[in-house]
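Presented below is the structure to which this report refers.
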Amino acid sequence: MQTEIRNNWTKQEVEEIYNMPLMELMYKASTIHKEFQKTGEVQVCTLLSVKTGGCKEDCSYCSQSARYNTHVQPHKLMQTEDVVQKAKQAKENGSTRFCMGAAWREARSNRDFEKVLGMVSEINDMGMEVCATLGMLDVEQAEKLKEAGLYAYNHNLDTSREYYDKVITTRTFDDRLETIANVQKAKISVCSGGIIGLGETDKDRIGMLYTLATLPQHPESVPVNALVPVEGTPMESNKMVSTWEMIRMIATARILMPKAMVRLSAGRTEMTTEAQALCFMAGANSIFAGDQLLTTPNPEEDADKVMFNLLGLTPRASFKEVKEESVSV
């Protein structure tokens, strides 16, 4: 069976997939996963906040917004040598992708951006896939990051177009799409997904997946995050979503975008090993390792190693797609 890679999904088709009986949905996603991915292979990524807090944005879920009084203490951009040391530790612990996050509304072409380019170059030289999330980018900035060796850029849609302004008012949904387009023009891999538990409806979740699945080119990576409510933000009282909601999102993303890495991202601390196993069965094939995701907790690396051994999972090698493409040419 050869599943067709499609970018012309209708919203009704996405809705029908999303609303399938859960066991049937998981089975379909697992079958497609096996067709396009090596089952049991999971990419281990590490995420580091290289510049924390003080962000001008008003994202209602975010501990790093300067508008909210949260536990986060702002700090300026880290020194390059400290970031490189963290990347070395991550590599020693089994991570093959190193993601750097800076709490900026947009990247500015200044000394800090030049420092980030240097970090990218050094970590790329270590043989790790380098990912960054620096806010909005223009084409020229994306091209400079590509030249420095950036492999992937994260820019989440967060939610549907219709619900977006209930979550963020300081930039638009189209601003997000424009950055994704700029990243793709520079031939950088796109990492874009969203967060569930923001108060959105199933219709909004379907809308977000529909937008991603109908981009001219699917994101190479689709993170599925469960909101971790942060005290001091407008969403501090939101309830954590259930495992079943995460599974439904992961399985639908896997069916719509078969070649993408579907990342089981924020919210894993609340999930048992059994719950995570179901997410892997539904098509997730990437996690973030380390005890923190930017400013929220994450399972410790030792716990993940135990889980990998128990479930028979193997870490995915870095640059696997690039290596496979060069072999097939």
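The values are calculated or read from the model by the stated rules, or taken from the named source; none is laboratory data. Keep in mind it's a predicted model, so treat the numbers as computed, not measured. Please note: Cβ atoms are built from the backbone with ideal geometry, for glycine as well, and neighbour counts cover all protein chains shown. Just the protein is used for accessible areas: all its heavy atoms, side chains included, with ligands, DNA and RNA removed. Shrake-Rupley method; radii C 1.70, N 1.55, O 1.52, S 1.80 Å.
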Of (1) farther than 30 Å from residue 304 by Cα; (2) assigned to a strand (DSSP E or B), residue 49 fails just (1)
Among the residues of region 109-129, is any in a helix (DSSP H, G or I), open to solvent by less than 50 Å² (accessible area, probe 1.4 Å) and of a type in the set (Phe, Trp, Tyr)?
yes
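For (1) farther than 30 Å from residue 315 by Cβ; (2) open to solvent by 20 Å² or more (accessible area, probe 1.4 Å), each residue gets a yes or a no:
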residue: 9; (1), (2): yes, yes
residue: 14; (1), (2): yes, no
residue: 25; (1), (2): no, no
residue: 28; (1), (2): no, yes
residue: 32; (1), (2): no, no
residue: 45; (1), (2): no, no
residue: 51; (1), (2): no, yes
residue: 56; (1), (2): yes, yes
residue: 65; (1), (2): yes, no
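So, of the residues in region 227-244 that are touching a strand residue (DSSP E or B) at 6+ places or on another chain (Cβ under 6 Å) and at pLDDT 90 or above, which turns out to be nearest to residue 70 (Cα to Cα)?
Here is the first cut: in region 227-244, the ones touching a strand residue (DSSP E or B) at 6+ places or on another chain (Cβ under 6 Å) are 227-228, 241.
Keeping just the survivors that are at pLDDT 90 or above gives 227, 241.
Details: 227: 16, 241: 22 Å.
So the residue we want is 227.
Just a yes or no: is a residue in region 41-62 among the polar types (S, T, N, Q), farther than 30 Å from residue 302 by Cβ and out of contact with any strand residue (DSSP E or B) (no Cβ under 8 Å at 6 or more places or on another chain)? Write out each step before concluding.
Kept after step one, since they are among the polar types (S, T, N, Q), are these residues of region 41-62: 43, 46, 49, 52, 60.
Checking the rest, the ones that are also farther than 30 Å from residue 302 by Cβ come to 60.
Filter once more, so that each one left must be out of contact with any strand residue (DSSP E or B) (no Cβ under 8 Å at 6 or more places or on another chain): 60.
Yes - at least one qualifying residue is present in region 41-62.
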Can you tell me which residue is nearest to residue 158 (Cα to Cα) among those in region 207-216 that are more than 16 Å from the chain's Cα centre (by Cα) and modelled with pLDDT of 95 or more?
207
Residue check, residue 97 against (1) more than 22 Å from residue 231 (Cα to Cα); (2) among the basic types (Lys, Arg); (3) open to solvent by 20 Å² or more (accessible area, probe 1.4 Å), all met but one. Which one?
(3)
Check region 81-94 and report whether any residue there is at pLDDT 85 or above and in a strand (DSSP E or B).
no
Scan the strands (runs of 3 or more DSSP E) fully inside region 151-241 and keep the ones with 3 or more residues being open to solvent by less than 30 Å² (accessible area, probe 1.4 Å) and touching a residue at least 40 places away in the same chain (Cβ under 8 Å).
221-226
Got a number for residues in region 287-300 being among the β-branched types (Val, Ile, Thr) and modelled with pLDDT under 80?
2
Quickly run through region 34-43 and pick out the residues that are part of a strand (DSSP E or B) and crowded, with 16+ Cβ neighbours inside 10 Å.
42, 43
Being part of a helix (DSSP H, G or I) and either at pLDDT 70 or above or touching a helix residue (DSSP H, G or I) at 6+ places or on another chain (Cβ under 9 Å) (or both) narrows it down to one of 303, 284, 317, so name that one.
303
Scanning region 67-81 residue by residue, those open to solvent by less than 80 Å² (accessible area, probe 1.4 Å) and farther than 30 Å from residue 234 by Cα turn out to be 80
What is the number of the single condition among (1) within 28 Å of residue 92 (Cβ to Cβ); (2) touching a Gly at 6+ places or on another chain (Cβ under 8 Å) that residue 105 does not meet?
(1)
